[in-house]
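Data block below; observations after.
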Amino acid sequence: MFIDPALIALVPADTTVLAGARVDAIAKTPAFQKLATNAVIQDVAKRTNIDPAKALWQIMFTSNGRRGLVLARGKFTDELMAPDLTREGIDRSGYKGLTMFGNAQDTLVFFNSSTVAMGDTRAVHALIDERSSIKGLPARFDALIQAIPKEAHLWGVFLGGPVELPLTGNLANLEKLLGMVQSGTFYATFDDKMHVTASLAASSDQSAQDLHGAVQVLMTLANLQGQVTRDGVRLKIMLDANF
């Protein structure tokens, strides 16, 4: 699987969760045409003058379990972004020579005209302070990353431990599920639907049994079609999602 080197160079050393999306590839699928009509996506595009289908290449989410960051590669320029963001009442500032937009809580920073990071302001500052020492993805991710096929449009890897995710509704239950997982991967491909495959390893047989039941309940609540199989402490999930 290809991960943009510019994003790899911004993954903090204490990361335990990685997830990415190849937006440029997803934009070519029938599913994206349905997603593009979403009111939230249209509003963001209007406010920032960013067309996801043309301006975004890859997005990555990183978390150490407490603070998360969103990293993105695309066609950005300070000159285009500054008036659009400041018009929405977002302050422009600088930190160690970099252009930032946000406030004391949340910030977006430009590393260059095609690479940005956004998230909790303290986490963004920490990333800027640390980035000169980042040499690549932490080696503990190697085996999990290698399990993701190159055709994946959307993917994620998890090394275990508590994690806070910026999710709401039924998806918020993913935090509870991750609490039962020792490690795991997922990936999705898109056509007119989203096809998801996930492989999870629980910490014990009992946890695997509880996780199996919890996943089935979540799939029912979310009206997702698929199957969950268990082999000892390992689970495999395959499902399809309509838009």
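Here are a few things to note about the model shown:
- Scanning the stretch 191-203 for residues that are within 17 Å of Gly161 (Cα to Cα) and modelled with pLDDT of 90 or more returns Ser199, Leu200, Ala201, Ala202.
- Taken over the stretch 92-122, the residue count meeting the criterion of being within 24 Å of Gln58 (Cα to Cα), surrounded by 14 or more Cβ atoms within 10 Å (Cβ to Cβ) and in contact (Cβ under 8 Å) with a residue 24 or more places away in the chain is 12.
The values are calculated or read from the model by the stated rules, or taken from the named source; none is laboratory data. Everything quoted here is computed from the prediction, not taken from an experiment. Neighbour counts are summed over all protein chains in view; Cβ atoms, including those assigned to glycine, are modelled from backbone coordinates with ideal geometry.
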